[in-house]
Amino acid sequence: MTTILVIDDDPEITKMLETHLAGDGYQVLVAHDGARALQLASSEDPDLVILDIVLGEEDGRELLGEIRLLSDVPVIFLTGRGLETERIAGLKLGADDYVVKPFSLGEVSARVESVLRRAGANPALHRIEAPTITFGDLQVNENTHEVRLNGRLVELTSREFALLAFLAKSPRQVFSRAQLLEHVWDSSPEWQNEATVTEHVRRLRLKLEADPDRPRWITTVRGVGYRFEPPR
């Protein structure tokens, strides 16, 4: 998820921006002073910073210089100073854009998207690429139909993927072979042999497990069926 760090000493403005940007699909971090801002900029590695040029007694322009020592993260200045000379000065200091108070939330969204696009960050792509199911070093992405284990892409068939995703969405819940035929194959034992499930579980274990004979992820509950085991 694309992360935006909002730095402003006005709680009403930060709350408004946090709510609005979260609604746009961003993860939002908030800092009300320079020390906290530098801490978050260093530890969280945000994709974009919205920075008020006046932070109480602190100068946002000086803070921008300190942020620039940490990274080249895109920065949008937020300020009540609307003079052209002030805007030019902010841009020369290294800001990527400038929003003047009072502002509309729609304008903020448009400028955020524009700056991220210029920086090579595509918010929609970030959301698509983010895994939808994560357990330890196993990541399942239902948007791209990809599975990664320890960062390595695991090649699965469409049915193997569907079986893994179904089990992983209900960790530790036991499903019989008949239930898996119903939910994953849209079938039943009357129409399809339950051995189909057994075979697909075997194939999944070969691709996911370090030791398929002692499975870590998909375990057998004798006399019942299978379940997905999250890391302890």
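The values are calculated or read from the model by the stated rules, or taken from the named source; none is laboratory data. Keep in mind it's a predicted model, so treat the numbers as computed, not measured. A quick note on method: Cβ atoms are made from the backbone with ideal geometry, for glycine too, and the neighbour counts reach across all protein chains shown.
I'm trying to understand the selection: among the residues of the range 158-195, which are β-branched (Val, Ile, Thr) and touching a helix residue (DSSP H, G or I) at 6+ places or on another chain (Cβ under 8 Å)? Hit for the range 158-195 is Val184, nothing else. Of everything in the range 40-70 that is modelled with pLDDT under 85 and not in a helix (DSSP H, G or I), the residue that is farthest from Tyr98 (Cα to Cα) is Glu57. Look at (1) in a loop (DSSP other than H, G, I, E, B); (2) modelled with pLDDT of 85 or more; (3) out of contact with any strand residue (DSSP E or B) (no Cβ under 9 Å at 6 or more places or on another chain) and you find that Val73 fails only one, number (3). Scanning the range 19-39 for residues that are crowded, with 17+ Cβ neighbours inside 10 Å and in a strand (DSSP E or B) yields a total of 4.
Here the range 150-163 is the region considered, the condition is being closer than 13 Å to Leu206 by Cα and hydrophobic (A, V, I, L, M, F, W, C), and the residue that is surrounded by the most Cβ atoms within 10 Å (Cβ to Cβ) is Leu156. I need every pair where a residue in the range 193-215 that is in contact (Cβ under 8 Å) with a residue 60 or more places away in the chain has its Cβ under 7 Å from the Cβ of a residue that is aromatic (Phe, Trp, Tyr) and surrounded by 10 or more Cβ atoms within 10 Å (Cβ to Cβ), sequence separation at least 6 or different chains. As it stands, the answer is Leu208/Trp217, since those pairs meet every condition given. Restricting the range 174-198 to residues that are farther than 19 Å from Arg227 by Cβ and among the charged types (D, E, K, R) leaves a set whose member that is surrounded by the most Cβ atoms within 10 Å (Cβ to Cβ) is Asp186.
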